[in-house]
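J.: Take this structure first; my questions come after.
The values are calculated or read from the model by the stated rules, or taken from the named source; none is laboratory data. Computed from a predicted model, the values in this text were never measured in an experiment. Backbone-built Cβ (ideal geometry, glycine too); neighbour counts: all protein chains shown.
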Amino acid sequence: MFKSRTIPTLAAALFLFALPFTAAHAKAAHSQGMHGDARFEYHGSVFTQFLVDSYKENGQSDPHQFYAWLDQASKPFLENEETLPAALETKRAELARISDPKLKAAKEMEIGAWTHKLIKKAIPKFSLDRGYDFTNTVTYGERQCFLQSVLIAGLLQKMGMDAGVVMVARNMVGQTTNNGHASAVLRLSNGKDVLVDASEPEPFARHQGLFAFNTAKSASQYINPNFEGASGVILSYRGQPNNAKVATAQVRTLSVPFLRSQFEYYRGERTVGGLILTPLTAQGLATEESRLKKAVRLCPQNPLAVYMLGRVSMRMGKKDAAKAQLTAANALYTRAGWVPAGMTDAYRQAHR
């Protein structure tokens, strides 16, 4: 399911950001292939890059501290007093010995549930304001939905499974959110999917709307899972806006540029003195703008990052920039099949 896709270089992303934001550029950004499956197994070079980003942002020098910290935090919850690397290798070997897809899928679900439980116990605190950065996990023992999803997917990959991250657009009770939540997704050996979400008490969430990549459209798309009874197992999807069936084999998870962009987005969103952590200050808005610009450079087709940059520009009185950014964001959402109400309101305001 989640094999790597070729992605453009950061230089290409920077070039795209240097151009004016238009619907045509939004479409071109999609065609670059910057969405798609990401390989970032725990302890690998890509996962370490996520740590480097976090530690650099927070003025700290040793990103490998996180690995040592999680090894120690996990130890009380491991079987037979294993270290975390040893436990991951044991489970990888167990999976490798199973050839029957049905039996292997059952084992994968068992390990998915184990990983869900491990992260909830090893990192017990949840924090919207600080839990998005790995440095804060070490300092405060905190996690947030996106960080925990990247961590869970990286651990699952390390154990030899097909896993990645998707954004959530409609939660388990049907409430819509503008990519305001994230979940790890595990592709089972029988071709079905499960959402492994440590924000929920049970491991396999039943979120009703997701933002992922559809290979048949060569674009990101909002998709609604079709669940197998109450099990949390996803049999297929329905794509927006026309509810057309999307097979699990067509669905891919979000790319490394998107994931790095989303981490940077949260750094911008949770800036003190910015749009959310008010009261507003000129310095807060400037810092939020800088971080959101970086998020968009990393992945120009991250719709939430482009949208929020437009809102910040509007609040700063940069009307032309806001109009261009919100035009581009509206094009990204429209192509993905769903435009949040807040996006529509901001777009209309920018075009008055």
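J.: Could you give me the residue pairs with C-beta distances under 6 Å whose first residue belongs to the stretch 51-73 and is in the same structural domain as Gly141 (by TED's automatic domain parsing) and assigned to a loop (DSSP other than H, G, I, E, B), whose second residue is at pLDDT 95 or above and not acidic (Asp, Glu) wherever it lies, and which are 6+ apart or on separate chains?
T.: Asn58/Thr135; Gln60/Thr135; Pro63/Leu51; Pro63/Val52; Pro63/Tyr55
J.: Sticking with this one: Give just the number: which of (1) at pLDDT 95 or above; (2) over 24 Å from Arg170 (Cα atoms) does His351 not satisfy?
T.: (1) is the only condition that His351 fails.
J.: Just checking, how many residues over the stretch 246-273 are out of contact with any Leu (no Cβ under 6 Å at 6 or more places or on another chain) and either of a type in the set (S, T, N, Q) or assigned to a strand (DSSP E or B) (or both)?
T.: Residues in the stretch 246-273 being out of contact with any Leu (no Cβ under 6 Å at 6 or more places or on another chain) and either of a type in the set (S, T, N, Q) or assigned to a strand (DSSP E or B) (or both): 11 in total.
J.: It is to be established whether one or more residues within the stretch 286-304 are closer than 21 Å to Asn179 by Cα, of a type in the set (Asp, Glu) and in a helix (DSSP H, G or I).
T.: Checking the stretch 286-304: at least one residue is closer than 21 Å to Asn179 by Cα, of a type in the set (Asp, Glu) and in a helix (DSSP H, G or I).
J.: Still on this structure, please answer the following. Just to verify a result, which residue in the stretch 234-256, among those that are free of Cβ contacts under 8 Å to residues at least 60 places away in the same chain and aliphatic (A, V, I, L, M), is surrounded by the most Cβ atoms within 10 Å (Cβ to Cβ)?
T.: So the residue we want is Ile234.
J.: Report whether or not Ser183 is part of a strand (DSSP E or B) and free of Cβ contacts under 8 Å to residues at least 24 places away in the same chain.
T.: On the way: part of a strand (DSSP E or B): yes; free of Cβ contacts under 8 Å to residues at least 24 places away in the same chain: no.
Judged against the criteria, Ser183 is not a match.
J.: Can you name the number of the only condition in (1) of a type in the set (A, V, I, L, M, F, W, C); (2) over 30 Å from Gln60 (Cβ atoms); (3) out of contact with any Ser or Thr (no Cβ under 7 Å at 6 or more places or on another chain); (4) crowded, with 24+ Cβ neighbours inside 10 Å that Ala163 fails?
T.: (2)
J.: Condition first: within 16 Å of Arg39 (Cβ to Cβ) and in contact with a Gly (Cβ under 6 Å, 6 or more places away or on another chain). Now tell me which residues in the stretch 130-167 satisfy that.
T.: Across the stretch 130-167, the qualifying residue is only Ala153.
J.: Still on this structure, please answer the following. Restricting to the stretch 101-152, and then to whatever is among the acidic types (Asp, Glu) and in contact (Cβ under 8 Å) with a residue 40 or more places away in the chain, can you tell me which residue is surrounded by the fewest Cβ atoms within 10 Å (Cβ to Cβ)?
T.: Residues of the stretch 101-152 among the acidic types (Asp, Glu): 108, 110, 129, 133, 142.
Narrowing further to those that are in contact (Cβ under 8 Å) with a residue 40 or more places away in the chain: 108, 129, 133.
Working: Glu108: 27, Asp129: 14, Asp133: 24.
Here the residue is Asp129.
J.: Shifting gears a bit: Of all residues in the stretch 240-258, count the ones that are over 24 Å from Val150 (Cα atoms), of a type outside the set (A, V, I, L, M, F, W, C) and touching a strand residue (DSSP E or B) at 6+ places or on another chain (Cβ under 9 Å).
T.: The total comes to 4.
J.: Tell me which of these Gly342 doesn't satisfy, since it passes every other one: (1) surrounded by 15 or more Cβ atoms within 10 Å (Cβ to Cβ); (2) closer than 23 Å to Gln221 by Cβ.
T.: (1)
J.: Tally time: how many residues in the stretch 305-337 are within 23 Å of His181 (Cβ to Cβ) and surrounded by fewer than 21 Cβ atoms within 10 Å (Cβ to Cβ)?
T.: Of the residues in the stretch 305-337, 2 are within 23 Å of His181 (Cβ to Cβ) and surrounded by fewer than 21 Cβ atoms within 10 Å (Cβ to Cβ).
J.: Does any residue in the stretch 267-289 that is more than 23 Å from Gly59 (Cα to Cα) and outside the structural domain of Asp129 (by TED's automatic domain parsing) come within less than 8 Å, Cβ to Cβ, of a residue that is charged (D, E, K, R) and not in a helix (DSSP H, G or I) six or more places away or on a different chain, and which pairs are these?
T.: Ile276/Arg270
J.: Could you list, in sequence order, the residues of the stretch 274-307 that are in contact with an Asp or Glu (Cβ under 8 Å, 6 or more places away or on another chain) and over 27 Å from Thr48 (Cα atoms)?
T.: Gly274, Leu275, Ile276, Leu277
J.: Same structure again: Of the residues Arg206, Arg130, only one is under 28 Å from Ala329 (Cα atoms), touching a Pro at 6+ places or on another chain (Cβ under 9 Å) and among the basic types (Lys, Arg); which?
T.: On the way: Arg130 fails: touching a Pro at 6+ places or on another chain (Cβ under 9 Å).
Only one candidate qualifies: Arg206.
J.: Looking at the stretch 224-274, which of the residues that are within 15 Å of the chain's Cα centre (by Cα) and of a type in the set (Val, Ile, Thr) is farthest from Trp338 (Cα to Cα)?
T.: Out of the qualifying residues, it is Val256.
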